[in-house]
Amino acid sequence: MRPSDLSNHISQWFDGSGPGADIVISSRVRLARNLGGFEFCSCLSFARKREVLYKLKEIILGLDLGQDLFFIDVDNSSSLEQDLLVERHLISRQHAQAKGPRGAVIACNESFTAMINEEDHLRIQVFKTGLQIKECWEKINRIDDLIEQQAEYAFDPEYGYLTACPTNVGTGIRVSVMLHLPALKMTGQIEKFYNAAKDTDLAVRGLFGEGTDAVGDFFQLSNQVTLGFSEQQIVEEFAGFIVPKIVEYEIMAREKLLKARPDMLDDKVQRALGVLRSARLISSQEALFLLSHVRMGVNLKRLEGISMATINELFMLTQPAHLQMRQGQELDPDRRDAMRAQMIRSRLCQN
Amino acid sequence: MLCQSCKERTATIHLTEISGGQRSEMHICEQCAQEQGIVVKNQIPINELLSTLLSAQAEGQTGGAGTAGIDPSEELSCPVCGMTLKKFSKTRLLGCPNDYIAFDEPLRSLIERSQGGHSRHCGKTPSRAPSAMKNHMEMMNLRRQLEEAVKAEDYETAARIRDQMQQKL
Ligand SMILES: [Zn+2]
Ligand SMILES: [Zn+2]
């Protein structure tokens with residue numbers, strides 16, 4: 001499998017089929033681990049980095065996860081291939097831009113990925129569609145056990161799993177969900193969400209695009225504290241309390257909009273659809289913004305004949321590297337905007 | 001949302017308490033929170049923590065009775081990877097597992113503050129005993145000395161270090 005093989009379809013965790021996926025698009029659990037007896041990546045020589053890469057690659061490719069696994073040599077990938085992997089959340093931007101021997105082991109259905117020699121020697125992640133954090137944790141915990149049978153992790157009885165950055169020390173766990181919160185945004189309540197997140201030591205980031213600005217009402221919420229709680233406690237608090245609470249707020253905001261201002265809601269949805277169906281040039285930012293409104297329209301059953309699958313597909317496949325990979329070449333922004341507009345028109349007009 | 005306490009100002013602080021398996025929520029304004037002695041802990045950004053860490057380190061080095069005999073220019077560094085606090089504060093990344101020991105005190109306070117006051121792991125532990133930690137450190141240390149000896153073309157020392165490493169394997 002090559003990165004270009006991925007550019008025609010969406011990741012399974014993004015298909016919108018999971019529990020509560022109209023609001024919680026997907027769940028992810030990540031563990032940060034380092035090998036004992038090796039310096040952390042920033043102080044690791046080229047030769048020793050290669051050693052870490054080879055060792056972890058062999059171990060992980062040999063795991064029986066019930067899925068075909070393939071390895072990507074990130075260091076020797078083209079920048080377009082790297083961008084594609086970042087757009088699919090299979091590797092981080094940081095991993096793409098790092099230097100020296102590094103790679104990723106990815107499951108064919110993209111439910112599991114392992115970054116080797118990112119900030120830590122190893123960062124393993126499990127993705128699932130909808131709100132399935134506990135399921136993600138159970139799966140990644142098993143994988144972690146399997147790797148540990150063959151590799152010795154840097155571990156301290158007091159501090160737990162030792163990580164390159166002290167903000168990850170202890171469990172090394174990062175639990176996160178991707179949320180679609182258009183009604184909270186529309187009703188001016190998103191600040192409340194930001195504040196509540198800050199009070200409970202959670203981090204909020206935009207899901208698409210770079211930086212912290214959320215484009216198209218998509219947010220990524222994750223835990224910050226990794227020390228002093230067990231993984232189960234962190235997962236339980238997040239999955240059992242925090243996320244359901246936010247989902248409840250979004251549902252309330254949606255109901256309120258439907259009841260109090262249905263015309264405004266329909267206007268936003270229909271205008272978005274109108275532009276998407278007729279535009280000849282559309283930037284990825286604008287597409288995200290408009291698709292977000294259409295997605296809500298579909299969720300609230302204000303639109304007929306457009307499937308959630310189509311919308312989700314457009315989110316992923318109209319990203320810059322995806323467009324270029326399918327064309328087999330790099331394209332300037334104008335060409336990309338034209339191709340994006342064409343793809344959106346053809347998908348939204350046929351049904 | 002109005003403050004539950006004074007019912008006048010807007011509630012800006014939202015607290016959740018868990019006791020006896022019961023969750024209760026409280027929404028109050030900043031002023032009432034202060035009056036009731038509720039401390040709102042905020043996540044301190046790591047950059048901020050790092051700069052305080054570094055200035056505290058600098059203060060400790062500018063003389064005083066306790067530091068007599070220590071060269072003030074001699075900065076705290078990790079013997080295994082050569083990491084210094086100054087370098088760490090720039091990159092935010094540690095150089096090796098031993099840094100957690102080498103920078104024990106300053107790092108502990110940083111960790112506590114960035115981890116919501118916690119400083120002890122109580123999660124998963126590897127099933128195999130991490131007994132080899134000390135051995136790992138010694139090996140990393142020797143490997144570094146070996147590289148230096150080779151670089152300095154001091155092959156006698158290099159051979160001796162190689163022997164030491166062989167014995168440890
Ligand atoms: Zn008050
Ligand atoms: Zn070190």
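Values in this text are rule-based calculations from the coordinates and carry no lab data. What you see is a predicted model; the values in this text were computed from it and never measured. Neighbour counts are summed over all protein chains in view; Cβ atoms, including those assigned to glycine, are modelled from backbone coordinates with ideal geometry.
Please list, in order, the residues from the range A:66-92 whose amide nitrogen is less than 18 Å from a point placed 7 Å along the Cα→Cβ vector of A:Phe46. Only A:74-77 fall inside the zone, counting backbone N under 18 Å.
The alpha carbon gyration tensor of the protein assembly as shown gives principal lengths a ≥ b ≥ c with a/c of 1.5 or higher and a/b no greater than b/c, which makes the shape oblate.
As a length-normalised measure over Cα pairs under 8 Å and 6 or more apart, the relative contact order of chain A settles at 21 percent.
Determine the relative contact order of the range A:133-198: mean sequence separation of Cα pairs under 8 Å and six or more apart, normalised by residue count, in whole percent. Relative contact order for the range A:133-198 comes out at 17 percent.
For the range B:27-35, 3J(HN,Hα) computed residue by residue from phi via the Karplus equation (6.51, -1.76, 1.60; θ = phi - 60°) reads 10, 9, 8, 4, 4, 5, 4, 5, 4 Hz, glycine and proline entered as x. The HN-Hα couplings worked out from phi for the range B:104-109 by the Karplus form 6.51 cos²θ - 1.76 cosθ + 1.60 (θ = phi - 60°) are 2, 5, x, 5, 4, 6 Hz, whole numbers, x standing for Gly and Pro. Between the amide H of A:Leu202 and any residue lying 5 or more places away or on another chain, no distance stays under 5 Å, with hydrogens modeled in the peptide plane.
Decide, for the range A:28-180, between rounded, prolate and oblate: order the square roots of the alpha carbon gyration tensor eigenvalues as a ≥ b ≥ c, take rounded if a/c falls under 1.5, and otherwise choose prolate if a/b is larger than b/c, else oblate. Rounded. The label-point distance for B:Met165 and A:Arg261, in a model that sets each label 7 Å from Cα toward Cβ, rounds to 6.8 nm.
Mind scanning A:Lys57/A:Lys99; A:Lys49/B:Lys86; B:Lys86/B:Lys168; B:Lys124/B:Lys168; A:Lys57/A:Lys139 and naming the pairs with a C-alpha gap bigger than 22 Å? Working shown, then result.
Numbers: A:Lys57/A:Lys99 18 Å; A:Lys49/B:Lys86 24 Å; B:Lys86/B:Lys168 33 Å; B:Lys124/B:Lys168 29 Å; A:Lys57/A:Lys139 19 Å.
Over 22 Å Cα-Cα: A:Lys49/B:Lys86; B:Lys86/B:Lys168; B:Lys124/B:Lys168.
Listed values for the range B:79-88 are Karplus-derived 3J(HN,Hα) couplings in whole Hz (6.51 cos²θ - 1.76 cosθ + 1.60, θ = phi - 60°), namely x, 7, 10, x, 4, 10, 4, 4, 5, 4, and x replaces Gly and Pro.
Calculate for the protein assembly as shown the 222 nm mean residue ellipticity that helices alone would give, adding -39,500 (n - 2.57) per DSSP H run of length 4 or more and normalising by residue count, nearest 500 deg cm²/dmol.
Details: 20 runs with 232 residues, N = 520.
Value at 222 nm, helices only, nearest 500: -13500 deg cm²/dmol.
Within a straight-line Cα-Cα reach of under 28 Å, A:Lys268 can be paired with the following lysines, leaving aside sequence neighbours fewer than 8 residues apart in one chain: A:Lys185, A:Lys192, A:Lys245, A:Lys256, A:Lys259, A:Lys301. Taking amide hydrogens as placed 1.01 Å from N in the peptide plane, the amide H of A:Thr318 sits under 5 Å from that of no residue at least 5 positions away in sequence or on another chain.
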